[in-house]
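Readers should treat all values here as calculations from the given coordinates under stated rules, not as data from a laboratory. Every value quoted in this text rests on a predicted model; they were computed, and no experiment measured them. Neighbour counts run over all protein chains shown; Cβ positions are idealised from the backbone, glycine included.
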Amino acid sequence: MADIIRSIRGMNDILPDVTPYWQAVEATLKDVLTGYGYQEIRFPIVEKTELFCRSIGEVTDIVEKEMYTFADRNGDNLTLRPEGTAGCVRAAMQNGLLNQTQRLWYMGPMFRHERPQKGRYRQFHQIGVEAYGFSGPDIDAEMILMTARLWKNLGLTGVTLQINSLGSTQARLAYRETLVSYFEAHKDALDEDSQRRLYSNPLRILDSKNPAMQALNEAAPKLLDHLDEQSKNEFTVLCQILDTAGISYEINPRLVRGLDYYGKTVFEWVTSHLGSQGTVCAGGRYDGLVAQLGGREATAIGFAIGLERLIALLEATDSLPQIDGIDVYLVAVGELAAKQSLILAEQLRDHIPNIKLITHCGGGSFKNQFKRADRSGARWTLILGEDEITKQVIGVKTMATGEQETIAWDALADYLQQ
Ligand code: ATP
Ligand code: MG
């Protein structure tokens, strides 16, 4: 074992004992999104590096230090996608999807070279949702209501909604000056990261996770007090819809999101159950991004859910979905029975399309096969030996009660179904 090749740090195997939970969660998420008219889009995991630099922003954690970037054999500069929004916009632009409104979702792995810890990995998975061509705030509300329904259908509790408005680009630029003056006046209190961001990305200072920065940030001038009229009105409408729908939220004036492309509505669903990695779902409006990437103006909003964190939260709150076990384990003793068991299994699958049936395979004694049947968690064990073949019957053991019966082959499907 000492020198087997191991996986890359922060990139996890998702093993068969947990994939059923992933599948169930993914199915619930897809059902809800489909129910709101969102359609799946699939785009590459690798894109030109330039796409992420130009969209996410040069002075962001992701672009500064988290991207998996490499030169391919042609010398092209490529990057493993650190998030989905940039690739989704690129695909929509390139394929003419922006000529009409779009409601889209995607799911898959993302890659960031972060320090691995609980809830923070180097390969992780997101389900992302994007809508193009809607200027809001109705679609902003739809997205938030939809996330609330995701939690409801998953049986997820323990998450709270935070919202904020980043205003128009002009309002944000004006506010930025106010903010820089404020931080300049307290320069000695800034930590190293914040010093570095003071002129390149001062809004990000507000998002600092350093406890030593909290007091300074809390006393900082608030972007919400510097909003343009339109953003202010739209934010009010959004809040009204959430109020009417009975969705509780907290207005967090320091919620700025880590990526450059956001403006107006931003939101996060956070939990206190996962330590400091508490953001399960995050998103917002990014009307400027399409034009910034060379397309014509198109309004856009989206969010992404971190699936590792979502599943960890379901586990922490004892809300993992119920997983259906195996229905039938088919034990076959002897060569003839082994062959016949495969034929019988096919007949059962023809009659009961959703049946979960394991045919033993690999021979062995009755005792050993039965042990496997027991471990499989199957509801019934079917037992086929030479004697049963001669009589065209099969032993059926109900595992919960230990009760055993002999059933004719042609009555077996009916027996299992009722
Ligand atoms: P954080 O503030 O936790 O670093 P972020 O702002 O970088 O999050 P986004 O880029 O908005 O996160 O990604 C959306 C969601 O994806 C996050 O809320 C989180 O649930 C998940 N996520 C982000 N980075 C990671 C990671 N390295 N490992 C696992 N999940 C992640
Ligand atoms: Mg991050």
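Using only Cα atoms, what is the ratio of the radius of gyration of the chain to 2.2 N^0.38 Å? Provide the component values of the computation, followed by the final result.
Working: Rg = 27.6 Å, N = 418, 2.2 N^0.38 = 21.8 Å.
Here the Cα radius of gyration is 1.26 times the empirical estimate.
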Fill in the blank from the handout: Note: Ala316 to Thr244 extended length (0.36 nm per residue) minus current alpha-carbon separation gives 22.9 nm
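Taking neighbour counts of Cβ atoms within 10 Å as a proxy for exposure, in what order, fewest first, do Arg172, Arg285, Arg309, Arg42 appear? Please report the intermediate quantities before stating the final value.
On the way: Arg172 21, Arg285 29, Arg309 24, Arg42 11.
Ranking Arg172, Arg285, Arg309, Arg42 by Cβ neighbours within 10 Å, fewest first, gives Arg42, Arg172, Arg309, Arg285.
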Problem - Choice from Phe267, Phe43, Phe111 with maximal GNM fluctuation in the chain (Cα, 10 Å cutoff) - result: Phe43
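Provide the FRET efficiency to the nearest 0.05 for the Arg196-Lys356 pair, computing r from the beta carbons and using R0 = 56 Å.
Working: r = 56 Å, r/R0 = 0.99.
Taking R0 as 56 Å, the efficiency between Arg196 and Lys356 is 0.50.
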Handout entry: Cβ charges +1 (Lys, Arg) and -1 (Asp, Glu), total dipole of the chain, debye
Key = 600 debye
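Please give the FRET efficiency for Ser276 paired with Arg42, using the beta carbon to beta carbon distance and R0 = 22 Å, rounded to the nearest 0.05.
Numbers: r = 33 Å, r/R0 = 1.48.
The formula returns an efficiency of 0.10 here.
Before rounding to the nearest 500, sum -39500 (n - 2.57) across all DSSP H runs of length at least 4 in the chain and divide by the residue total; then give [θ] at 222 nm in deg cm²/dmol.
Values: 14 runs with 157 residues, N = 418.
Roughly -11500 deg cm²/dmol at 222 nm, from the helical runs in the chain.
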Fill in the blank from the handout: For region 1-117 the mean separation of alpha carbon contacts under 8 Å (6+ apart) over residue count, i.e. relative contact order in percent, is 31 percent
Practice task
Under 9 Å from the Cβ of Thr265, count the other residues' Cβ atoms, weight Lys and Arg +1, Asp and Glu -1, and hand me the total.
Solution key: 0
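Using the number of other C-beta atoms within 10 angstrom as an exposure proxy, rank Val393, Val331 with the fewest first.
On the way: Val393 18, Val331 25.
Ranked by crowding around the Cβ, least crowded first: Val393, Val331.
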Handout entry: Unit Cα scatterers, Debye sum, region 121-254: log10 I(q)/I(0) for q = 0.21 Å⁻¹
Key = -1.23
Fill in the blank from the handout: Taking the convex hull of the alpha-carbon atoms of region 328-417 and averaging its shadow over every direction gives an area in square nanometres of 5.2 nm²
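Please compare each pair in Lys152/Lys264; Lys48/Lys232; Lys65/Lys222; Lys339/Lys367 to a cut-off of 30 Å on the Cα-Cα distance and tell me which ones are over it.
On the way: Lys152/Lys264 26 Å; Lys48/Lys232 37 Å; Lys65/Lys222 28 Å; Lys339/Lys367 19 Å.
Over 30 Å Cα-Cα: Lys48/Lys232.
Would you please put 94-102, 6-14 in order of how densely packed they are, using the mean number of other Cβ atoms within 10 angstrom per residue and starting with the highest?
Numbers: 94-102: 13.3, 6-14: 11.2.
In descending order of packing, they fall as 94-102, 6-14.
Between Asn217 and Ile323, what FRET efficiency follows from the Cβ-Cβ distance if R0 is 45 Å, with the result rounded to 0.05? Can you show the working numbers first?
Working: r = 43 Å, r/R0 = 0.96.
The formula returns an efficiency of 0.55 here.
Please sort 84-91, 155-162, 211-218, 122-129 by packing, taking for each peptide the average over its residues of neighbouring beta carbons within 10 angstrom, highest first.
On the way: 84-91: 23.9, 155-162: 16.9, 211-218: 13.1, 122-129: 21.4.
In descending order of packing, they fall as 84-91, 122-129, 155-162, 211-218.
Leu342: net charge of surrounding residues, Cβ under 14 Å, Lys/Arg +1, Asp/Glu -1, itself excluded?
Values: positive: Lys339, Arg349; negative: Glu335, Glu346, Asp350.
Residues close to Leu342 contribute a combined charge of -1.
In percent, how large is the relative contact order of region 328-417, given Cα pairs closer than 8 Å and 6 or more residues apart?
Working: 134 pairs, mean separation 29.2, N = 90.
Here the relative contact order equals 32 percent.
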Practice task
Mind pulling the angle between the C-alpha long axis of helix 19-35 and the longest principal axis of the chain? Nearest 10 degrees, somewhere in 0 to 90.
Solution key: 60 degrees
Exercise for the section: Once every Cα of region 312-381 carries one equal point scatterer and solvent is ignored, give the base-10 log of I(q)/I(0) from the Debye formula at q = 0.28 Å⁻¹, two decimals. Expected result: -1.23
